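Below is one structure, written out as structure tokens, with a few remarks after it.
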């Protein structure tokens, strides 16, 4: 097994990243990113075979034809299968006959376990990401055949422990989103503090990272309130148990909130929040315009929206993080808006800027500058987007 050296990547990052982020993107972390991307691509080869797509692509086919020949459920399988075929073609493992058709002529057989072993030797703290990817790979056939949903397959009660390890600041491959988001949120929060509303707080690791950052910067004591919200009851219960132990005395509350419904249903009053914050949540909004309207309503004058997001560097290139989340209906099928929401899942920097501008926000900044990074490091997919109401 060989992977390209990461020294060139490190030089590109050193030239673009702000000082507060440089320490997070060291050679150790970059190498782990290279390992996990290769691991996911090898799992994709496995799924390509397990779902019958390899046989379906024996002759040149479109994605629609491949889905039909493999006997998969079209309404579920089209987005994931498009991603699979485009990813394998981008690696040179599947022939792209023309702009629409693919053919499996000499698809390699590569062992994903080899990459997991390499990661274990390099930095075992990253292995929770591998376990989530492996869970997705096991789930692909039944989900794409319509026997179960991605939500049921991935979030079954016996998998909560796996997600707890994944959505953790002890997992470097996930924690980086919390780190970048916390830096941007601390910079956006008014010096006098105020009320923070966290959307889709999950198991609480984003809140942990932000509160730690605020304490380090001396802003923690100025918070009037921290309103933690989440839609998954099991996640909300877990966060309720863990976060009060993190910082005694914090004015912290926990509320069920659906980002696809009016925030008033969760007791969020207009103009009550200095900062609306979310890590890896806004891209699953069913109607992004409606959710952004609710955010604007919740923000006080001078307030800010900060989103820690996986960002797609190039509109026409799949990214490895989509492998897991393409199984989820909420990820695949939002309300589309051609000008700024042309696809489900992750958006490019340009699409985020256009979406925010179209929905009443300005002063949009992206940390780090993905546009400046993407030619030298096209695998860099983590950013924080900050915006204020017009």
Exercise for review: Go through (1) over 20 Å from residue 283 (Cβ atoms); (2) touching a residue at least 40 places away in the same chain (Cβ under 8 Å); (3) surrounded by fewer than 19 Cβ atoms within 10 Å (Cβ to Cβ) and name the single condition residue 195 misses.
Suggested key: (3)
**Study point:** Counted residues, segment 143-168 - those being surrounded by fewer than 19 Cβ atoms within 10 Å (Cβ to Cβ) and free of Cβ contacts under 8 Å to residues at least 40 places away in the same chain
**Key:** 9
Check your understanding: Does residue 92 qualify as being at positive phi and either free of Cβ contacts under 8 Å to residues at least 24 places away in the same chain or within 27 Å of the chain's Cα centre (by Cα) (or both)?
Key -> yes
Review point. When you go through (1) in a strand (DSSP E or B); (2) modelled with pLDDT under 95; (3) under 30 Å from residue 345 (Cβ atoms) one by one for residue 234, which number turns out not to apply?
Key: (1)
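This table checks each residue for (1) surrounded by 20 or more Cβ atoms within 10 Å (Cβ to Cβ); (2) at positive phi; (3) in contact with a helix residue (DSSP H, G or I) (Cβ under 9 Å, 6 or more places away or on another chain); (4) modelled with pLDDT of 95 or more.
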site: 293; (1), (2), (3), (4): no, no, no, yes
site: 299; (1), (2), (3), (4): yes, no, no, yes
site: 311; (1), (2), (3), (4): yes, no, yes, yes
site: 324; (1), (2), (3), (4): yes, no, yes, yes
site: 332; (1), (2), (3), (4): yes, no, yes, no
site: 337; (1), (2), (3), (4): no, no, yes, yes
site: 344; (1), (2), (3), (4): yes, no, yes, no
site: 350; (1), (2), (3), (4): no, no, yes, yes
site: 355; (1), (2), (3), (4): yes, no, yes, yes
Check your understanding: Which residues, taken from segment 106-128, are surrounded by 12 or more Cβ atoms within 10 Å (Cβ to Cβ) and either touching a strand residue (DSSP E or B) at 6+ places or on another chain (Cβ under 8 Å) or part of a loop (DSSP other than H, G, I, E, B) (or both)?
Key -> 107, 110, 111, 123
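State whether one or more residues within segment 130-142 are within 24 Å of the chain's Cα centre (by Cα), free of Cβ contacts under 8 Å to residues at least 24 places away in the same chain, part of a helix (DSSP H, G or I) and more than 21 Å from residue 160 (Cα to Cα).
Scanning segment 130-142, I find no residue that is within 24 Å of the chain's Cα centre (by Cα), free of Cβ contacts under 8 Å to residues at least 24 places away in the same chain, part of a helix (DSSP H, G or I) and more than 21 Å from residue 160 (Cα to Cα), so the answer is no.
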Exercise for review: Would you check if residue 54 is out of contact with any helix residue (DSSP H, G or I) (no Cβ under 6 Å at 6 or more places or on another chain), in a helix (DSSP H, G or I) and either at pLDDT 95 or above or surrounded by fewer than 21 Cβ atoms within 10 Å (Cβ to Cβ) (or both)?
Suggested key: no
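The values are calculated or read from the model by the stated rules, or taken from the named source; none is laboratory data. The shown structure was predicted, so the numbers you read here are calculated from the model rather than taken from an experiment. Here Cβ is always computed from backbone atoms with ideal geometry, including for glycine, and neighbour counts include all displayed protein chains.
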